[in-house]
């Protein structure tokens with residue numbers, strides 16, 4: 001069994017690819033798996049670290065905003081369209097895969113297009129609720145699309161083949177006991193609000209949470225774990241110290257990065273975060289109500305669509321960044337945490353969206369396509 005895997009640029013594309021590869025290797029230890037990534041991107045580090053070989057092609061996206069610098073970038077992108085297709089065709093011919101699987105990112109386009117052109121059964125996994133341009137293009141060309149949720153189906157051509165599989169997750173998400181997690185973290189019975197903006201941080205979330213923590217510390221009704229991210233640590237901790245809020249006492253824990261996320265998620269009563277692809281799977285798996293703050297700086301505003309997939313099921317509240325202030329976030333937190341019945345209903349609604357066997361579903365499709 002020879003499997004060609006491609007996808008990259010961000011962890012949201014790379015981690016699902018690695019999870020799929022891990023499942024295939026578990027079921028078929030003799031499987032040969034080759035990754036194709038974008039030259040210079042993070043997959044060139046993460047994939048070899050996971051034990052898989054990787055080849056690279058040169059790809060880059062087109063810039064929609066026309067500036068002198070972006071015109072130059074678009075010329076490079078146009079050249080890469082040609083060179084990446086040639087390089088991808090060579091890889092497909094030499095490796096002779098039995099199946100090709102992509103998980104998004106610019107690199108998936110040329111690699112999977114060449115796989116389709118050479119008659120290789122092709123799957124593309126979409127981890128967001130709003131399929132990207134590459135996935136839509138590949139769906140029209142004959143790839144089978146694996147979706148994270150039913151909400152994403154409406155954005156694809158009606159005649160393309162779609163399978164709802166969910167996003168593969170780490171095994172420790174959604175399996176830990178809430179009371180045990182709280183005890184392990186040294187927390188009491190007060191509601192715990194878990195908040196973060198990603199590994200680098202999100203300035204607007206940090207600013208709003210600074211005001212939230214100031215008010216919450218004064219009232220003492222809630223507990224908090226907040227991850228500032230690397231870029232927000234110095235400014236946020238200075239702001240908190242200035243207004244007298246401790247960084248690690250009285251039920252408040254402010255960290256640069258949350259390394260024990262599954263445990264913190266298990267302990268949480270309410271989660272405040274961005275709405276990247278994996279949020280759609282992690283929150284349902286953990287069964288957590290949330291306040292979602294979509295990043296406005298991502299392609300096709302896909303984080304807003306991700307948030308709406310949960311909001312429409314009354315499983316989350318969305319505050320767009322243009323409306324985000326300390327006041328608006330505090331009011332949303334208070335309205336949810338003060339109403340136990342509402343928190344329970346939101347938790348129930350989000351839990352219904354969980355797909356816990358995503359890796360098994362994807363593997364079944366792989367086997368079916370290879371018959």
- Considering residues of segment 20-33 that are in contact (Cβ under 8 Å) with a residue 60 or more places away in the chain and crowded, with 21+ Cβ neighbours inside 10 Å only, the residue nearest to the chain's Cα centre (by Cα): 20
- Which residue pairs have Cβ atoms under 6 Å apart, sit 6 or more places apart or on different chains, and have a first residue in segment 300-315 that is not assigned by TED's automatic domain parsing to the domain that holds residue 135 and buried (at least 20 other Cβ atoms within 10 Å of the Cβ) and a second that is assigned to a helix (DSSP H, G or I) and at pLDDT 95 or above? 315/346; 315/349; 315/350
- Task: May I ask you to list the residues in segment 276-299 that are touching a strand residue (DSSP E or B) at 6+ places or on another chain (Cβ under 6 Å) and touching a residue at least 40 places away in the same chain (Cβ under 8 Å)?
- Result: 283, 288, 289, 290, 291
- Only strands (runs of 3 or more DSSP E) wholly contained in segment 107-180 count here; list those with 1 or more residues that are surrounded by fewer than 18 Cβ atoms within 10 Å (Cβ to Cβ) and in contact (Cβ under 8 Å) with a residue 24 or more places away in the chain. 162-164
- Message: Every residue in segment 182-223 that is within 16 Å of residue 252 (Cα to Cα) and under 23 Å from the mean Cα position of the chain (by Cα), please.
- Response: 192, 193, 194, 195, 196, 206, 208, 209
- Message: Condition (residue is over 30 Å from residue 363 (Cβ atoms), surrounded by fewer than 18 Cβ atoms within 10 Å (Cβ to Cβ) and in contact with a strand residue (DSSP E or B) (Cβ under 9 Å, 6 or more places away or on another chain)) applied to segment 205-228: is it met by at least one residue?
- Response: no
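The values are calculated or read from the model by the stated rules, or taken from the named source; none is laboratory data. It should be emphasised that the depicted structure is a prediction, and the values quoted were computed from it without experimental measurement. Neighbour counts run over all protein chains shown; Cβ positions are idealised from the backbone, glycine included.
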